[in-house]
Amino acid sequence: MKYIQVLKLGPILFLTIPENLNDALAQSLEEALLEQQALTKADAIVIDISSLEIIDSFMARVISETANASSLMDAKVIIVGMSPVATITLLELGMRMEHIETALDLEAALDKLGYALVKTKKTIHPLDSLTEPNKK
Amino acid sequence: MNHSTLATFSNDFLYSIYEQVPVGIIITNDNGVIEDTNKFLCVTMGYEKSELIGQNVEFLIPERFRHAHIKLRNDYLKQPTNRKMGQNKELYAIAKNGSEVPIQANLTTINENASLKVIITLNDISIKKEDDKKLKALNNELVEISTPILEAWDRIAIIPIIGTLDTERARLLMENTLTQMQKERYLVTILDITGLAAIDTSVAHHLLKLTEAIRLMGGLAIITGVSPEIAKTIVRLGVNLGDLKTSSTLSRGIKYAIASLENN
């Protein structure tokens, strides 16, 4: 059974860290991501850790190692959604993750990567089609 | 007062002092049985002297502490010294009306007629306790009003840091800042230190830790209000600010913050 889902959107890969991260899962997390990265030749990786309420030194190491490995394979890595408690814990553990880029949320991460959501087609609400002809 | 003067006091006078000195006094034997108390203790606690004499000293102690007290009392008699009772512990005595009075107690021993007497002096500290409580509440309030988080612009927060920044306040500041940042999704947080009393290595360390935390959460931290005095101190202390953006005035910090949002 596959727990780790790596989503691809254009040149970006999205990885969400599951809440119940254990040793085995952490291992498959790194593998799944690097495999996908090699396969898709992604330019950027966004790792969402907002499901982690707290973070310990093991999780911190897994995340930073995964990010470093991805960087070595020439992708820009951004960590998003670090909670206040996790942040304070990380600092208390002395893990400063200096070389890792972070963003407040997915939107901010896309912004940092130079992407923005642009609406190209006008979407019509089902109810609008009923009222619009009358207006005209 | 020299010794010869004291010797001229009558026994009645000395006894009056014992009875009326504004400190509660309890005398027990080495089994913890109360042999006498002074009048002041009886009046303040609401007892008659006859109610106390002959009781175990545990009679005056809240039930939840009684068992432990018997052991402590026996340990004390193995090595009797002049000391405070219950170092760093909160002590209570039970008054006649059943209420618990916070007290401070001191212990000493005197040999009288070849038997050891334990002298316990009690001070009612409920007023001090009340004052401590008020002081703490006031302190908390001060901390709260002294570190407001202001929204200056869309997704830009300003935190003026005023006065001193000790460990406790730095911890609170960090918690508030990060929680608010997550809630309001601030992209840029400006820490204005114009009102900072003084900077030393520990204050600089707290500030750096805070900027580090803001960065880890994905925000941008800017320190503004760096006075010539503070700039000189930071350089002299050899504090490495890394690539942290700093500026002398708040207005320049805000300009920089807005520019950094537009560039993205």
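The values are calculated or read from the model by the stated rules, or taken from the named source; none is laboratory data. These numbers come from a predicted model, not from an experiment. Using ideal geometry, Cβ is built from the backbone for each residue, glycine included, and neighbour counts are taken over all protein chains shown. Accessible surface is based on the protein model in full, side chains and every heavy atom, while ligands, DNA and RNA are left aside. Shrake-Rupley method; radii C 1.70, N 1.55, O 1.52, S 1.80 Å.
Structure notes:
- Number of the condition not met by A:THR66 [criteria: (1) buried (at least 21 other Cβ atoms within 10 Å of the Cβ); (2) closer than 24 Å to B:LEU210 by Cα]: (2)
- Those residues of segment B:219-234 which are in a helix (DSSP H, G or I) and under 35 Å from the mean Cα position of the chain (by Cα), in sequence order: B:GLU229, B:ILE230, B:ALA231, B:LYS232, B:THR233, B:ILE234
- Matching residues in segment B:188-202 - criterion: being surrounded by 23 or more Cβ atoms within 10 Å (Cβ to Cβ) and either part of a helix (DSSP H, G or I) or within 14 Å of chain A (Cβ to nearest Cβ) (or both): B:VAL188, B:THR189
- Unmet criterion (only one of (1) assigned to a helix (DSSP H, G or I); (2) surrounded by 15 or more Cβ atoms within 10 Å (Cβ to Cβ)) for B:LYS71: (2)
- Residues (open to solvent by 100 Å² or more (accessible area, probe 1.4 Å), part of a loop (DSSP other than H, G, I, E, B) and not charged (D, E, K, R)) located in segment B:114-161: B:ALA114
- Contact annotation: residue pairs with Cβ atoms under 8 Å, 6 or more positions apart or on different chains, pairing a residue in segment A:98-119 that is farther than 18 Å from B:THR189 by Cα and more than 9 Å from chain B (Cβ to nearest Cβ) with a partner that is open to solvent by 100 Å² or more (accessible area, probe 1.4 Å) and at pLDDT below 90, are A:LEU110/A:LEU117; A:LEU117/A:GLU107.
- Within segment B:211-255, if we keep just the residues that are more than 14 Å from chain A (Cβ to nearest Cβ) and in contact with a Leu (Cβ under 8 Å, 6 or more places away or on another chain), the residue that is most open to solvent (accessible area, probe 1.4 Å) turns out to be B:LYS245.
- Breaking point among (1) modelled with pLDDT of 85 or more; (2) open to solvent by 10 Å² or more (accessible area, probe 1.4 Å); (3) touching a helix residue (DSSP H, G or I) at 6+ places or on another chain (Cβ under 9 Å); (4) more than 14 Å from chain B (Cβ to nearest Cβ), for A:GLY81: (4)
- Boolean, B:ILE25 is farther than 20 Å from B:ILE125 by Cα, aliphatic (A, V, I, L, M) and at pLDDT 90 or above: no
- Every pair of residues 6+ apart whose Cβ atoms lie under 8 Å, when the first sits in segment B:132-148 and is farther than 14 Å from B:GLY163 by Cβ while the second is at pLDDT 80 or above and of a type outside the set (D, E, K, R): none
- Residues in segment A:22-41 that are open to solvent by 10 Å² or more (accessible area, probe 1.4 Å), touching a helix residue (DSSP H, G or I) at 6+ places or on another chain (Cβ under 9 Å) and either in a loop (DSSP other than H, G, I, E, B) or closer than 14 Å to A:LYS76 by Cα (or both): A:LEU34 alone.
- Among the residues of segment B:221-263, not one is acidic (Asp, Glu), farther than 17 Å from B:GLY195 by Cβ and at pLDDT 85 or above.
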